[in-house]
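Colleague: This structure is in structure tokens; I'll ask about it shortly.
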Amino acid sequence: MTDTYASVTALSSAANFMFRPTGETIITFRTYVKPREYGALRLKVWHSNAVDSTWSDGTESKAGDEGGAWRIESCTIGDGGRQPDGSAQEGSLRIVTFEGAAFKQVLAGERFWSDPVDAYIPEGHFLVFTWAIAVSGPESGIPYNTETLLAAAYEAAGNIAAQETAEGFLPAGNRQVLPSMIAYERETDKRLVFLGDSITQGVRTEIDGYSFWSARIAEGLAPSIGVWNIGSGWARAYDLAPDGPWMAKAKQGDEVAICLGVNDIGTGNRSAGQLIGDLTSIIEQLEATNEDVSIILFTLPAFNFEGAHEEVWRTVNEWIRKQAPERVARVFDIAKILGQAPPYENKLKDEYMSPGNDPHPNGVAGADVAEAFLLWYNQQ
């Protein structure tokens, strides 16, 4: 990374899945993101060609899986307008180059920057990012994020990254194919990284709404505090135990806010001791890279756990509240905000539930968590 560039958006583009086409093909992926600042922007993209976190039981993809060799045929950035409808504003698209070339052969597991490019995004407009990617077959896997999408995304057959109209573009469903970071030139006082799972990512909140708490927090912070959301659906703390691609991202922060553990309990069936060990490992790895890093540890959010899972949830949160401060700068008690009154603090408040009785915090929860966090953060 570089101190002079920061993520232009609070949208996470962490990867938790792998696209493995059955044969040779070229697909153009177009995504609309809400930038933190508007106007004349000098932009770069940075990419890590690897899966960050494990999806489900790891059968399909797991943390650290390297993407294969594939080729960027063309790439553009521009003004997506007020409505993310598959088109770009006339005359706004700018070609993104890589070491002077309008294409790039991406190597397996490669990490790379683009060249800088200047674009203008008017107030209230979306930034539209488009790239056409050529793959030769299932061995040329492309890491991406799959979940209910938080940003409008489209796909089209062939190489049409420079096309301004929406012709040929169809909604992407649940496939978000973005670089690891769309960055803009911005001197920052600090770089704050939000490291978490789908709750940090914002899953189940409305598309293009940026109502999840990490986005609302970013909106409430001065742009001089760079914010990079690397929350990823299905992620768990043990995905970071090996020093892999996701941890490499987290290490870029001057300040790292960790909100992990729900999937370790519910999917990974980890014991309290195992989860505490994994959280401790994350903290130690961050400190080993940067002894001045400031670590914020969140309690495990209320997620309607019962039985043995609830017992682990309570034990780990007790450790975070009473013992973790020796290892971290600050503890933010998100569980107290999201949970019901005792003795049902393990249950998400009814008004925070997502549709379908889903305990992923909704946009109302996002607003309340962000308000509490910003008050707490600014008082420290």
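Colleague: Could you please find all residues in segment 57-84 being closer than 14 Å to Val96 by Cβ and either open to solvent by less than 10 Å² (accessible area, probe 1.4 Å) or outside any strand (DSSP E or B) (or both)?
Modeller: Those that are closer than 14 Å to Val96 by Cβ and either open to solvent by less than 10 Å² (accessible area, probe 1.4 Å) or outside any strand (DSSP E or B) (or both): Ile72, Cys75, Thr76, Ile77, Gly78.
Colleague: Let me ask another. So which residues in segment 24-56 are farther than 21 Å from Tyr184 by Cα, surrounded by fewer than 20 Cβ atoms within 10 Å (Cβ to Cβ) and not hydroxyl-bearing (Ser, Thr, Tyr), if there are any at all? If you could, list the steps in order and put the result at the bottom.
Modeller: Going through segment 24-56, the residues farther than 21 Å from Tyr184 by Cα turn out to be 24-28, 50-56.
Now restrict to residues that are surrounded by fewer than 20 Cβ atoms within 10 Å (Cβ to Cβ): 24-26, 56.
Within segment 24-56, Glu24, Ile26 qualify.
Colleague: Give, as residue ranges, the helices (runs of 4 or more DSSP H) completely inside segment 181-280 that count at least 3 residues that are open to solvent by less than 10 Å² (accessible area, probe 1.4 Å) and under 22 Å from Tyr38 (Cβ atoms). Talk me through it step by step, then tell me what you get.
Modeller: On the way: elements: 198-201, 213-220, 245-250, 262-266.
So the answer is 213-220.
Colleague: Inspect all residues belonging to segment 126-138 and state whether any of them is touching a Leu at 6+ places or on another chain (Cβ under 7 Å), modelled with pLDDT of 95 or more and not small (Gly, Ala, Ser). Spell out the reasoning first.
Modeller: Here is the first cut: in segment 126-138, the ones touching a Leu at 6+ places or on another chain (Cβ under 7 Å) are 129.
Cutting the leftovers down to modelled with pLDDT of 95 or more gives us 129.
In the following step, the residues that additionally are not small (Gly, Ala, Ser) were identified as 129.
Taking every residue of segment 126-138 in turn, at least one turns out to be touching a Leu at 6+ places or on another chain (Cβ under 7 Å), modelled with pLDDT of 95 or more and not small (Gly, Ala, Ser).
Colleague: Separate question: If you go through segment 10-24 one residue at a time, do you hit one that is assigned to a strand (DSSP E or B), closer than 19 Å to Ala183 by Cα, touching a residue at least 60 places away in the same chain (Cβ under 8 Å) and not small (Gly, Ala, Ser)? Lay out the reasoning, then the answer.
Modeller: As a first pass, look at segment 10-24 and keep what is assigned to a strand (DSSP E or B): 17-19.
Now narrow it down to the ones that are closer than 19 Å to Ala183 by Cα: none.
Checked segment 10-24: no residue is assigned to a strand (DSSP E or B), closer than 19 Å to Ala183 by Cα, touching a residue at least 60 places away in the same chain (Cβ under 8 Å) and not small (Gly, Ala, Ser).
Colleague: Check off (1) over 27 Å from Gln252 (Cβ atoms); (2) in a helix (DSSP H, G or I); (3) touching a Leu at 6+ places or on another chain (Cβ under 9 Å) for Glu318 and give me the number that stays unchecked.
Modeller: (3)
Colleague: I would also like to ask the following. Which residues, taken from segment 316-351, are at pLDDT 95 or above, farther than 15 Å from Val262 by Cα and either in contact with a strand residue (DSSP E or B) (Cβ under 9 Å, 6 or more places away or on another chain) or aliphatic (A, V, I, L, M) (or both)?
Modeller: Once the filter is applied, which keeps residues that are at pLDDT 95 or above, farther than 15 Å from Val262 by Cα and either in contact with a strand residue (DSSP E or B) (Cβ under 9 Å, 6 or more places away or on another chain) or aliphatic (A, V, I, L, M) (or both), segment 316-351 yields Arg321, Val328, Ala329, Arg330, Val331, Phe332, Ile337, Gln340, Ala341, Lys349.
Colleague: In the list Glu147, Glu164, Glu155, which residue meets the criterion of being modelled with pLDDT of 95 or more, surrounded by 14 or more Cβ atoms within 10 Å (Cβ to Cβ), of a type in the set (Asp, Glu) and within 28 Å of Gly64 (Cα to Cα)? I'd like the intermediate steps shown before the answer.
Modeller: Values: Glu147 fails: modelled with pLDDT of 95 or more; Glu164 fails: within 28 Å of Gly64 (Cα to Cα).
None of the others qualify; the one that does is Glu155.
Colleague: Give the residue that is farthest from the chain's Cα centre (by Cα), with candidates limited to residues of segment 287-303 that are over 20 Å from Arg321 (Cβ atoms) and either part of a helix (DSSP H, G or I) or of a type outside the set (D, E, K, R) (or both).
Modeller: Residues of segment 287-303 over 20 Å from Arg321 (Cβ atoms): 287-293.
With the extra rule that they be either part of a helix (DSSP H, G or I) or of a type outside the set (D, E, K, R) (or both), the set shrinks to 287-290, 293.
Working: Glu287: 22, Ala288: 23, Thr289: 21, Asn290: 22, Val293: 20 Å.
Result: Ala288.
Colleague: May I pose another question? If we keep just the residues of segment 105-145 that are among the polar types (S, T, N, Q) and either assigned to a loop (DSSP other than H, G, I, E, B) or within 16 Å of Glu37 (Cβ to Cβ) (or both), which is farthest from the chain's Cα centre (by Cα)? Walk me through how you get there before you give the answer.
Modeller: First pass over segment 105-145, keeping only residues among the polar types (S, T, N, Q): 105, 114, 130, 136, 140, 145.
Add one more test, that the residue is either assigned to a loop (DSSP other than H, G, I, E, B) or within 16 Å of Glu37 (Cβ to Cβ) (or both), and what stays is 114, 136, 140.
Details: Ser114: 20, Ser136: 27, Ser140: 23 Å.
Taking the candidates together, the pick is Ser136.
The values are calculated or read from the model by the stated rules, or taken from the named source; none is laboratory data. Note that the structure is predicted; figures quoted are calculated from it, not measured. Cβ atoms come from the backbone with ideal geometry, glycine included; neighbour counts cover every protein chain shown. Only protein heavy atoms, including side chains, enter the accessible area calculation; ligands, DNA and RNA are left aside. Shrake-Rupley method; radii C 1.70, N 1.55, O 1.52, S 1.80 Å.
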